[in-house]
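**Student:** One structure coming up, written as C-alpha cells, with questions to follow.
The values are calculated or read from the model by the stated rules, or taken from the named source; none is laboratory data. If you're wondering where the values come from, they're calculated on a predicted model, not measured in any experiment. All Cβ positions, glycine included, derive from the backbone under ideal geometry; neighbour counts span all protein chains shown.
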Ligand SMILES: [Mg+2]
C-alpha cells in the first residue's frame, strides 16, 4: 500500500525542474527565485471537487489531474503569463485506494511536464470525504506585464478564441489552456483586458465590461458554437448553449478596432479567433444583438457556486 510519503516520493522523483524553483519538494517549504528581468509574480489557486467539476468513476485519475492543473494554467494564460511552479493539495477518499492515487499523481506529473511546470510542493490527506484536488500555481508576467480584467475602452472589439458550448459532453476534462495563444497576442497587439471563460461568456463578459463601468454588445450570429453543441437544436438554443454552458476555458479579450482588424486580416495562430462584439461606454447596456439588429439584455446564466 502506498502511503502519503510514497506518493510524495514518487512525485519528487518525477518532477521536471524549472529555473524559478531553487528548492522543491522535500523540505519544509519550497524556495523560489524572484522573477527576472522586470517580470512580476503571478499566483492563482483553483480546486476541482468530485461532484462539482467531475464525477467518479466517469472521470479517470489522469483526466482529473489534467483538469486540476489546466484550469489554473488557463488563469495564467488569461494574464498572458507563463507558468512556473505548482503546489498540489489532494484530499483522497480512503475507498479510492492506492492504484487510483498513484494514477492521479502520475497524471499530475504528466500534465506538469507537458506544460513545463515544476510541482514544487504539496500535501496529501486521506479522508472519508469526496476527492478534492487544489492546485496553487505560480507564474510570471511576460511582455509588457500582466493583462488585467480592467483596461477595456469604449469602442474596443471583443474577441474569443476557439468555440464555445457543450463542454460538459467531455471537453471539460480535456481543457487546452490557451497559453501560447495569449503569449502570441500579447506580442502582436495591445491587449486592453483579458479573462478566461470558465463560467460562460454571458457571465464572464461582465467581468471585463459591466464590472469595469462599461457596457457591451455581443453579436449573436458571430458567437462561435462548438461542435459539441448538438446540431439538431434550434439555432437560438445553440447560441444559448455557447453563451451559458461554461467551462470553455477559452480567452475573451478586448483590443482597439485597429488591432482587431490586424488580427482578422492575418490570423496569428491556428486556433480560431472570433470578433464577437464591442465594448460600450454605457454600463447599463449589456446586450445581445440578433441578426436583424434587435437588442435584448444579456442575462448571465452561467455556472454559479451557490449554497
Ligand atoms: Mg479565470
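**Student:** Can you list residue pairs whose Cβ atoms sit under 6 Å apart, with the first residue in segment 38-59 being closer than 30 Å to residue 19 by Cα and the second being in a strand (DSSP E or B) and within 16 Å of the ligand (Cβ to nearest atom)? Count only pairs 6 or more apart in sequence or on different chains.
**Tutor:** Pairs that qualify, where the first residue is closer than 30 Å to residue 19 by Cα and the partner is in a strand (DSSP E or B) and within 16 Å of the ligand (Cβ to nearest atom), are 39/141; 40/141; 42/81; 42/139; 43/138; 44/137; 45/136; 47/134.
**Student:** Give just the number: which of (1) surrounded by fewer than 22 Cβ atoms within 10 Å (Cβ to Cβ); (2) closer than 13 Å to residue 117 by Cβ; (3) at pLDDT 95 or above does residue 49 not satisfy?
**Tutor:** Every condition holds for residue 49 apart from (2).
**Student:** Only residues that are buried (at least 21 other Cβ atoms within 10 Å of the Cβ), touching a helix residue (DSSP H, G or I) at 6+ places or on another chain (Cβ under 6 Å) and under 14 Å from residue 185 (Cβ atoms): list them for segment 143-157, please.
**Tutor:** Listed by number, the list holds a single entry, 157.
**Student:** Another question, if that's okay. Taking residue 160 and the conditions (1) in a loop (DSSP other than H, G, I, E, B); (2) surrounded by 24 or more Cβ atoms within 10 Å (Cβ to Cβ), which numbered condition does it fall short on, given that it satisfies the others?
**Tutor:** The failed condition is (1).
**Student:** A further question on this structure: Please work out which one of (1) away from the ligand (no atom under 16 Å from the Cβ); (2) surrounded by fewer than 22 Cβ atoms within 10 Å (Cβ to Cβ) is the condition residue 242 fails and give its number.
**Tutor:** Of the numbered conditions (1) away from the ligand (no atom under 16 Å from the Cβ); (2) surrounded by fewer than 22 Cβ atoms within 10 Å (Cβ to Cβ), the odd one out for residue 242 is (2).
**Student:** Can I ask one more? Being surrounded by fewer than 20 Cβ atoms within 10 Å (Cβ to Cβ) and either without any contact (Cβ under 8 Å) to a residue 40 or more places away in the chain or closer than 27 Å to residue 177 by Cβ (or both) is true for just one of 256, 202. Which residue is that?
**Tutor:** 256
**Student:** I need the full set of residues from segment 210-221 which are surrounded by 14 or more Cβ atoms within 10 Å (Cβ to Cβ) and either closer than 21 Å to residue 271 by Cα or modelled with pLDDT under 95 (or both), in order please.
**Tutor:** Listed by number, the residues that qualify are 218, 219, 220.
The rows are residues; the columns are (1) in a helix (DSSP H, G or I); (2) within 13 Å of the ligand (Cβ to nearest atom); (3) free of Cβ contacts under 8 Å to residues at least 60 places away in the same chain.
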| residue | (1), (2), (3) |
| --- | --- |
| 145 | no, no, no |
| 148 | no, yes, no |
| 180 | yes, no, no |
| 198 | no, yes, no |
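**Student:** Yes or no: segment 218-225 includes at least one residue that is within 16 Å of the ligand (Cβ to nearest atom) and either closer than 19 Å to residue 275 by Cα or not in a loop (DSSP other than H, G, I, E, B) (or both).
**Tutor:** No, there is no match, as no residue in segment 218-225 is within 16 Å of the ligand (Cβ to nearest atom) and either closer than 19 Å to residue 275 by Cα or not in a loop (DSSP other than H, G, I, E, B) (or both).
**Student:** Can I ask one more? Out of segment 231-287, which residues are in contact with a strand residue (DSSP E or B) (Cβ under 8 Å, 6 or more places away or on another chain), assigned to a helix (DSSP H, G or I) and more than 17 Å from residue 152 (Cβ to Cβ)?
**Tutor:** Correct list: 238, 239, 241, 242, 243, 264.
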